[in-house]
1. Restricting the search to the stretch 37-58, which residues are part of a helix (DSSP H, G or I), open to solvent by 30 Å² or more (accessible area, probe 1.4 Å) and of a type outside the set (Asp, Glu)?
2. Across the stretch 59-82, what is the number of residues that are open to solvent by less than 60 Å² (accessible area, probe 1.4 Å), out of contact with any Phe, Trp or Tyr (no Cβ under 7 Å at 6 or more places or on another chain) and outside any loop (DSSP other than H, G, I, E, B)?
3. Would you pick out the residues in the stretch 143-184 that are charged (D, E, K, R), open to solvent by less than 40 Å² (accessible area, probe 1.4 Å) and assigned to a loop (DSSP other than H, G, I, E, B)?
4. Search the stretch 191-230 for residues being without any contact (Cβ under 8 Å) to a residue 12 or more places away in the chain and among the small types (Gly, Ala, Ser), and hand back the single one that is farthest from Pro162 (Cα to Cα).
5. Within the stretch 185-230, can you find the residues that are among the small types (Gly, Ala, Ser), surrounded by fewer than 17 Cβ atoms within 10 Å (Cβ to Cβ) and either in contact with a helix residue (DSSP H, G or I) (Cβ under 6 Å, 6 or more places away or on another chain) or assigned to a strand (DSSP E or B) (or both)?
Amino acid sequence: MSSVSTGLLPDVRTPTRHRLADEADRIAYDRYVAARNQYKEEFLDLLEAACANGGPVLEVGPGYGGFAALLLARRPVDLRVLCTDPNAVAPLRERLGEAVPVGHWRPGDPLPDGLAGRFALAYSVHALGECTEPADLLGEFARALAPGGRLLVNDLRRDPDPFILEYTLREMAADDSPDGQYRLRTYLDSLRGAWTCAELRARLDAAEMAAWVVDPDGPMALTVEHHRAP
C-alpha cells in the first residue's frame, strides 16, 4: 500500500508527542482531533445515556477538538472541563462560553481543590496517548466520582482491526495535500502511542484495579469503564 503499511505499528508503544510548539501547530491539531470526533458517535450515545440521570459531569482531556461541545449539543448538562494541555484552555473557553468552567490539570498532580467526590459522570477522550502510567492517571481521575458515579474513557487502540486500519491508511495516504499528509503523520503518531486492551488490562491489574473494565470499542478504539460504589 504505497509507503504506508500496518507494519508501522510497533509491538512496543511509543508515547505520543505531537508537535504543538506554536499557534499554527495547535490550530492544525485542533482540526485533526475535531475530524476524528466524527467516529465517536457511539461513545457520544453512551455519554448521552449516562447523563440521563442528571448530576454534574467532568471531562478530562487534551482540550482540542471540542468534544465537550458535541455532548452539550445533544444534552445540556452541568459540565466542567479540565485540559491536560494548558495551551488549550483559552480557545476552549471561547468555544464553550462562560457557562462551562474550563481549567488546566496536569496528569500526575492531585485533582484541583473541590473536585474530588463530586461528579456523577466523568469521561475522557484522546487522553491516553501521552500517558506513561495509565493506572495512576485513571485512579486519580476516578477520585472525581461521587458515590455511585461512573467513569468512561475512550481512545485509539494499537491493536485495531487490520482490514479497517489498512483501508483507513490507504484513504489517508491518497490525499497528498499538506493537510492530508499532516493528518496521516499525526494519526500514525497517535496509533504508535496508543495502548492495546491487553496492555491497559495488565497495568490496571498490577495496580489492583481489578473492578475496572477494558473493552474494544469498534474496530479502532477501546473504552475503559469504572463504577464507584454507592
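The values are calculated or read from the model by the stated rules, or taken from the named source; none is laboratory data. What you see is a predicted model, and the numbers here were worked out from it, not measured in a lab. Virtual Cβ from ideal backbone geometry, glycine too; neighbours counted across all protein chains shown. Accessible surface is based on the protein model in full, side chains and every heavy atom, while ligands, DNA and RNA are left aside. Shrake-Rupley method; radii C 1.70, N 1.55, O 1.52, S 1.80 Å.
1. The initial filter retains those residues of the stretch 37-58 that are part of a helix (DSSP H, G or I), namely 37-39, 41-50.
Narrowing the set further to residues that are open to solvent by 30 Å² or more (accessible area, probe 1.4 Å) leaves 38-39, 41-42, 45-46, 48-49.
The answer is Gln38, Tyr39, Leu46, Ala49.
2. Just the residues of the stretch 59-82 that are open to solvent by less than 60 Å² (accessible area, probe 1.4 Å), to begin with: 59-69, 71-72, 77, 79, 81-82.
Retained after the next criterion (residues that are out of contact with any Phe, Trp or Tyr (no Cβ under 7 Å at 6 or more places or on another chain)): 62-63, 65-69, 71-72, 77, 79, 81.
Now narrow it down to the ones that are outside any loop (DSSP other than H, G, I, E, B): 67-69, 71-72, 79, 81.
Here the count works out to 7.
3. Just the residues of the stretch 143-184 that are charged (D, E, K, R), to begin with: 143, 150, 155, 157-159, 161, 166, 170-171, 175-176, 179, 183.
Restricting the remaining residues to those that are open to solvent by less than 40 Å² (accessible area, probe 1.4 Å) gives 155, 157-158.
Matches in the stretch 143-184: Arg158 only.
4. Here is the first cut: in the stretch 191-230, the ones without any contact (Cβ under 8 Å) to a residue 12 or more places away in the chain are 202, 205, 208, 210.
From the residues that got through so far, the ones that are among the small types (Gly, Ala, Ser) too are 202, 210.
Numbers: Ala202: 23, Ala210: 29 Å.
Among residues in the stretch 191-230 that are without any contact (Cβ under 8 Å) to a residue 12 or more places away in the chain and among the small types (Gly, Ala, Ser), the one farthest from Pro162 (Cα to Cα) is Ala210.
5. Ala207 - this is the single residue of the stretch 185-230 that is among the small types (Gly, Ala, Ser), surrounded by fewer than 17 Cβ atoms within 10 Å (Cβ to Cβ) and either in contact with a helix residue (DSSP H, G or I) (Cβ under 6 Å, 6 or more places away or on another chain) or assigned to a strand (DSSP E or B) (or both).
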